[in-house]
Amino acid sequence: MALRMKNFPAGRPGVLLPIDDRKAAALGISMYTASRPRVLAAQRAAHSLVSKVGARALPGRAQEWRPPCSSDEWQELVRQWRDALGGFDRFAAYQRRQTDRGGLTLLLVNRGEPLAVVKLRTEEEPLAREQTMLDMLAVAGTTTFRTPSPRGMGRVAGDLHWSAQSAVFTAPHAPELDPPDALFDELERCLTEEPPTDDGFALAHNDLTPWNLRRDRNGHRWLFDWEDAAPAPVGADRVYFAVAAHALAGRPVPHGLSRDAITFWSDRIAGRSLTAPGDRELAAGMERALKMAQAMTGPVG
């Protein structure tokens, strides 16, 4: 199966939009987690344009999209999604631009309404971890942020796995750059069922950034992308968000961040293999922010 789709933003990895359904294409644009003011403005303008006249009006040429699997596997995936989630007639597709993070994310659409977000991966563990986290947070009933609802999992041929969650955005959304301390406090309470281990590690989101903490048009905060949840030094989420917000938007690096968490992220970011110039620039900014945070913790002992 091949579909003609338009890419947003044009000329770089992003969201592939159906050109034959303006409502589905507009919902697809809402998948994109724009964080810089220039890109946010472009996203809002594109959403308005596509909502009125469709994705054909976007710059760039249409391209042919094919499923990342055999025809039989794709047909089985579609059958499973319809059985588990309901019927759908269109979808938009997002591929992560990091070369070390493969996979595909689809927004399933039925008659112009979002049905579910489906992640397709070759590894089951991250998807299962995310479903577990979403289940746990749904029970916790958080007040400073919201999370999507888990919608189930499945697999095809043993090596292609999917998981589904509720679709929460119907319009462009903005990064949360100044979350209250209460959000981090509540998150740590929800994730810490037992005291930290002897090495000071506790469960953390591990990718808490302005591109994963979003405000919708009603002002609600949403925290998503839980595939990387794992033990980390206590305070790791606070540190990672602080240095990401500094690198992205110049937010001040706060005093009193965890020294162990600073070292943890310094080692992890330094070990990443990044090819896109924008990704390298962002990582360099985060490394500078980590050095600032380290200097503000004072001398050891």
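Brief remarks follow.
- Per-residue Cβ neighbour counts within 10 Å put 146, 272 in the sequence 272, 146, beginning with the fewest.
- For the peptides 10-16, 166-172, 223-229, the ranking by packing is 223-229, 166-172, 10-16, with the highest mean count of neighbouring Cβ atoms within 10 Å listed first.
- The alpha-carbon atoms of the range 174-295 define a convex hull whose volume equals 113 cubic angstrom per residue.
- Sorting 234, 239, 139 by the number of Cβ atoms found within 10 Å of their own Cβ, with the fewest placed first, yields 139, 234, 239.
- Convex hull volume per residue in cubic angstrom - Cα atoms of the range 3-165: 133 Å³
- Within a straight-line Cα-Cα reach of under 26 Å, residue 23 can be paired with the following lysines, leaving aside sequence neighbours fewer than 8 residues apart in one chain: 6, 52, 119.
- Acute angle (nearest 10 degrees) that the helix 236-249 long axis makes with the longest principal axis of the chain, alpha-carbon atoms: 70 degrees
- The convex hull drawn around the Cα atoms of the chain, when projected onto a plane and averaged over every direction, covers 16.1 nm².
Bear in mind these aren't lab numbers, they're just calculated from the coordinates by the rules spelled out. If you're wondering where the values come from, they're calculated on a predicted model, not measured in any experiment. Glycine also receives a Cβ, built like all others from the backbone with ideal geometry; neighbour counts cover every protein chain displayed.
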